[in-house]
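The values are calculated or read from the model by the stated rules, or taken from the named source; none is laboratory data. Just so it is clear, the structure is predicted and the values come from calculations on it, not from any experiment. Because the Cβ atoms are built from the backbone with ideal geometry, glycine has one as well, and the counts that use them run over all protein chains shown. Ligands, DNA and RNA are stripped out before the accessible areas are found, and what is left, the full protein with its side chains, is counted by its heavy atoms. Shrake-Rupley method; radii C 1.70, N 1.55, O 1.52, S 1.80 Å.
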Amino acid sequence: MLRAVPGSGGPLTAEFEIGYVGADGAEPRAPLINSAEVRFELGKPVRVFSSRKRQRHFPGLWWSSTTGGHVGYESWLERDHLMLLDFDPAVVGIASQPFWLFWDEDGRRRSHAPDYFARLVGGRAMVVDCRPAERIKPRDAVAFDAMRRACELVGWDYRLVGVPDPVLSTNVRWLAGYRHPRYRVPGIVAALREVFVSTAPLMAGAEEAGDPIVVLPVLFHLLWCGDLTAGLGTVLHDATPVTTVGAR
């Protein structure tokens with residue numbers, strides 16, 4: 001995997017360098033300003049997640065409905081934010097550990113690999129780091145600040161995120177169980193969209209569309225995809241109001 005090695009700094013955007021692993025396995029390294037248009041969402045992770053006995057975090061792979069492939073995470077916090085990125089209709093591409101950012105600090109070369117890179121509708125880029133506020137140490141804070149400054153210089157959005165809303169996470173985690181396209185059954189999709197043209201309770205609408213055992217997985221898939229909408233600020237239940245997106 002790509003390693004942090006000594007490099008050259010400079011003024012403005014040349015203060016930062018980017019190193020990444022392309023889809024072909026090549027390991028380019030260039031000034032930040034020359035990397036602003038790189039399709040990091042198509043590349044490979046610059047580092048692997050360690051796995052050892054009695055470790056306190058839980059790495060794994062998330063199958064993304066956005067990319068149609070697996071994206072890595074290093075902890076359950078990262079998994080939850082990866083899940084929320086996958087659920088976000090504005091996100092069209094996701095990569096884990098997408099690049100190294102290199103910069104000089106107090107005469108020493110430092111590096112940081114953000115947790116995620118997301119490509120948004122319209123081509124805009126977003127970089128995400130996941131860390132609860134109470135676990136940000138001074139050295140980490142410097143790295144996050146450097147990442148924020150680098151993103152501002154090239155017009156990327158930057159988010160430093162902590163523990164997400166537990167109710168939202170619970171709802172989206174449930175819907176994520178139905179994110180695969182196999183749950184998109186055309187006939188049932190059409191019936192549900194028709195039923196929920198006027199806002200109706202979740203279970204009552206499912207029963208109107210057919211046998212709930214058959215209908216509910218499709219309903220949850222449509223909620224994941226955004227074809228149907230429901231308020232996710234409270235826990236989903238039988239009476240949760242559901243509406244077809246775009247319905248009058």
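Numbers at a glance
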| read-out | value |
| --- | --- |
| Relative contact order of the chain, defined on C-alpha pairs under 8 angstrom at six or more residues apart (%) | 14 percent |
| Tilt relative to the chain, helix 212-225 - C-alpha long axis, 0 to 90 degrees, to 10 | 40 degrees |
| Residue order for I136, I94, I33 - accessible surface, 1.4 angstrom probe, largest first | I33, I136, I94 |
| Accessible-area value, V245, 1.4 Å probe, nucleic acids and ligands omitted, Å² | 70 Å² |
| Extension gain, V163 back to R135 (0.36 nm per residue minus Cα-Cα distance, nm) | 9.0 nm |
| Contact order normalised by residue count of the stretch 100-179, Cα under 8 Å, 6+ apart, percent | 25 percent |
| Carbon and sulfur %, accessible surface of the stretch 70-209 computed with the full protein complex present, 1.4 Å | 53 percent |
| The stretch 69-228, accessible area per residue, ligands and nucleic acids excluded (1.4 Å, Å²) | 45 Å² |
| Where labels lie 7 Å past Cα in the beta-carbon direction, separation of W63 and T234 in nm | 3.3 nm |
| Separation of the D24 and A90 label points, Cα + 7 Å toward Cβ, nm | 3.4 nm |
| Trypsin sites (Lys or Arg not before Pro) lying in DSSP loop within the stretch 124-171, provided at most 15 other Cβ fall within 10 Å | R124 |
| Heavy-atom accessible area ranking, 1.4 Å probe, most first, across D227, D104 | D104, D227 |
| Modelled FRET efficiency - R0 30 Å, T170 with R39, Cβ distances, 0.05 increments | 0.35 |
| Radius of gyration, Dmax [the chain; alpha carbons; angstrom] | 21.0, 69 |
